[in-house]
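The values are calculated or read from the model by the stated rules, or taken from the named source; none is laboratory data. Predicted model, so just to flag it, every value in this text is computed and none were measured. As a convention, Cβ positions derive from the backbone with ideal geometry for all residues, glycine included, and neighbour counts pool all protein chains shown.
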Amino acid sequence: MSDNGRVVRVASGQGFWGDDLEAPVRQVEGGPIDYLMLDYLAEVTMSIMQKQRARDPNAGYARDFVPLMQRIFPACIKQGVRVVTNAGGVNPRGCAEALAEAGRTAGVAGHAKVGLVTGDDLMDRLDSLLGEGHELRHMETGAPLCEVRERVQSANAYIGAAPIVRALEFGADVIVTGRSTDTALTYGPLMHEFGWAMDDVDQIAAGVVAGHINECGAQSTGGNCMIDWWQVPDLAAVGFPIVEVGADGKFVVTKHHGSGGWVTRASVTEQILYEMGDPTTYITPDVIADFTSIQLDDQGDDRVRVHGITGRARTDFLKVSIAYSAGWKATGTLTYSWPDAAAKAKAADRVLRERLDRLGLRFDEMRTELVGWDSTHGALAGEPPADLPEVQLRVGVRADERASVERFTREIAPLVLTGPPSVTGFAGGRPRVQEIMAYWPALIERSVVEPHLVVDVQEV
Amino acid sequence: MARVQLVHVAHTRSGDKGDTANVGVIAYDSEHYDLLCSQLTTDRVKAHFGSMVRGDVERFELPNLGALNFLLYGALGGGGTMSLMNDAQGKVFSTALLRIEIEVPDEVARAVQGRGRLPPAG
C-alpha cells in the first residue's frame, strides 16, 4: 500500500440503538484502534426518537451513548481513539450537552473536545422549502409531501462526511451528528486521515463499502451469520468488525485477536448484501459505489481483504428522512396448546373478528398470524399439523382513529374465558396502543441543505 | 438432473427499505453461482412467494461475490412502523426463499446433501 503502508483502523462499536452495550468497551480495550464508530440510527429509529422528543424536549437521541462515553471517555483520550457517532438522532445538541457533562464526570475536562454537527434538521424550514417548490415527493409512491404536511413530525437530510472531516480538523475527540449517513461514520475519518478529495471516487467508494461492513456491528463477524452458524466460536464475547484501511482504499476486515465470532468471506458477503438495493448504484451523499466491483480474499485467521472497488461522482441530491403520524396500531397475542392448537387459535381469531364486527369497529388493516407456524413464511408454511404442540395467535390492527384501536385491545383478554379452550399467555395485560410514525423518504437538492450545516467544536 | 431445496446450495441475508424486502442469495460453492442464475429467475421467485409479494421482483447479479440480490416490492405490509407483520423489517424473509426447489445435475445434488442444515447429533 502507498502512504508507507500506513493503515487507519476504524472499529465498529454499535450497529443499532439497542446493540450490545459492552461491545464498544471491548473495542477500546481489546487492542489498537484509531477510530470508534457508533451507528445508532435506522429508518424506524428516527421515528421513535421523534416520538420521545415530542414528550420530552430534552430527549430524542440515543441515551445509551452518554453512560457509555462516561465509561470509555478516559481510555479513548489516553489512547487517542476518536469517536464518531450519529447518536444525536433528532436532538444532536441535547446529546452533545449530555456528553460534555458525562465527560466532566469522567474527569476529561480540559483534555477533550466535543464536536457537534447540526443543520440536517429541516423541520423548521419545511414550509419555506415547500413554498420554494421543493415538493419532497415520496421516493416510492411519487406523492408530494403536501399531502401529509400537517402530520409531519420530523424531516432530516442524510448528510455526508464533510462536517465530520471538518470537526476532525478542528481537533474534536468525539463527534456527535444527527442524520449522518451510516457509512460516513467510517469513511469520514478515512477522508480526513488520507486527504481524499471529492474526485477520489474509488477511494471514497471503498470507504463506503468499509462503512457498510462496519455499520451493523457483529453482523459481519459471525453474528446472525447463516453459514455453519452452529460452529461460530464464542458468540458471547463476539468481536465487532474493525477495518484496516490504506491510503489507496484497499482494506482488511478483521476483529480483535481473541474475541469471539469469525471473519470469513461468507460472513462479510452476508453483510455486504444486507439492505442492498441495486448493487451497481449504492448512493451516498459523497459518492456512488459499485458493490459489484468488490473483490474479497479470505486470508484466514479472521482477516478478509477487500479491494477492486470503483465509484462514480455523487449526485446533486440528498435523501431526506421524514416521519409523519399515520394513525394507530396494536398487536395482541394469546397462546394455544395441543391438541389441535392451530385450529383453536384460528377459531379464536374468528370469534374476535365477529365481536369487533358487531361492535361496528372498522380498521384500515387487520392481520392474523400464527407464531410458531406461519408468521415468517406465510402460506409457504402450508397447513399446520393437528399435533403442533402449541401456537401463538397474533392479531394486529391499524386505524386512523385511536378509539377503535383502543377498543380492540380490550377484546383480547376476554377470549381466555369466552373463546376456544387451552389458552394462556395473557399475563402481560392489555396490548399497548402505538402511534404510527411512518417513514417518507424523499430527495432534495444538496445546495439547499449543505450551506446550513454547522460544525461546533468545544472543550469539555 | 435432480431437484434440491435452495437451502443446500446457498445461504441468504435479508433486510428492508420501506415496504421492499431485499433477499441476498450467496452460493456456498462459487461454482454453483451459474446454477443460481439460471434457476432463480424473477418469474420463479415471484411465483414462489405468491401472495407474500404484492409487487414486482427485481434481480441483480454480483458475480464477484457469487451472489444474487432480489428486491421484492410490496412484501412487508407497508413496511417499518406501518406494518402489522411479526417480521415487519423482513429480517428473516430470505429464509422463505430457501424452501424453493431448483434443478441441479445429479452429482451436484449428491455433493450438497445435508449442506446448510444442522448436522445430526452424534
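Candidates in region B:74-90 are the residues that are among the hydrophobic types (A, V, I, L, M, F, W, C) and closer than 13 Å to B:Met52 by Cα; of these, the one that is farthest from the other protein chains (Cβ to nearest Cβ) is B:Leu76.
Candidates in region A:373-401 are the residues that are within 14 Å of B:Met85 (Cα to Cα) and assigned to a loop (DSSP other than H, G, I, E, B); of these, the one that is farthest from the chain's Cα centre (by Cα) is A:Trp373. Scanning region A:278-293 for residues that are surrounded by fewer than 24 Cβ atoms within 10 Å (Cβ to Cβ) and assigned to a strand (DSSP E or B) turns up A:Tyr282, A:Ile283, A:Ile288, A:Asp290.
Filtered by the rule that a residue be at the interface with chain A (Cβ under 8 Å from one of its Cβ atoms), within 13 Å of B:Asn22 (Cβ to Cβ) and surrounded by fewer than 23 Cβ atoms within 10 Å (Cβ to Cβ), region B:64-73 gives a lone residue, B:Leu71. A:Gly396 fulfils the conditions (1) out of contact with any Phe, Trp or Tyr (no Cβ under 6 Å at 6 or more places or on another chain); (2) over 24 Å from B:Gly18 (Cα atoms); (3) within 14 Å of chain B (Cβ to nearest Cβ) except for a single criterion, (2). Restricted to region B:91-100, and to residues there that are at the interface with chain A (Cβ under 8 Å from one of its Cβ atoms) and surrounded by fewer than 22 Cβ atoms within 10 Å (Cβ to Cβ), the residue that is farthest from the chain's Cα centre (by Cα) is B:Val92. Would you confirm whether any residue within region B:101-112 is surrounded by fewer than 17 Cβ atoms within 10 Å (Cβ to Cβ), more than 8 Å from chain A (Cβ to nearest Cβ), touching a helix residue (DSSP H, G or I) at 6+ places or on another chain (Cβ under 8 Å) and not in a helix (DSSP H, G or I)? Yes: region B:101-112 contains one or more residues that are surrounded by fewer than 17 Cβ atoms within 10 Å (Cβ to Cβ), more than 8 Å from chain A (Cβ to nearest Cβ), touching a helix residue (DSSP H, G or I) at 6+ places or on another chain (Cβ under 8 Å) and not in a helix (DSSP H, G or I). Checked against the criterion of being surrounded by fewer than 20 Cβ atoms within 10 Å (Cβ to Cβ) and either within 29 Å of B:Ser83 (Cβ to Cβ) or outside the structural domain of A:Gly31 (by TED's automatic domain parsing) (or both), the candidates A:Met139, A:Met49 yield just one match: A:Met139.
Being without any contact (Cβ under 8 Å) to a residue 60 or more places away in the chain, surrounded by 16 or more Cβ atoms within 10 Å (Cβ to Cβ), part of a helix (DSSP H, G or I) and not aliphatic (A, V, I, L, M) is the filter here, so list the residues in region A:312-355 that pass it. Of everything in region A:312-355, those that are without any contact (Cβ under 8 Å) to a residue 60 or more places away in the chain, surrounded by 16 or more Cβ atoms within 10 Å (Cβ to Cβ), part of a helix (DSSP H, G or I) and not aliphatic (A, V, I, L, M) turn out to be A:Lys346, A:Asp349, A:Arg355. The residue that is surrounded by the fewest Cβ atoms within 10 Å (Cβ to Cβ), counting only those in region A:251-277 that are within 7 Å of another protein chain (Cβ to nearest Cβ) and touching a strand residue (DSSP E or B) at 6+ places or on another chain (Cβ under 6 Å), is A:Tyr274.
For the structure I just gave you, tell me whether B:Gly79 is out of contact with any Pro (no Cβ under 9 Å at 6 or more places or on another chain), modelled with pLDDT under 95 and not in a helix (DSSP H, G or I).
So B:Gly79 passes the test.
In region A:255-270 there is at least one residue matching the filter, namely being free of Cβ contacts under 8 Å to residues at least 40 places away in the same chain and within 20 Å of the chain's Cα centre (by Cα).
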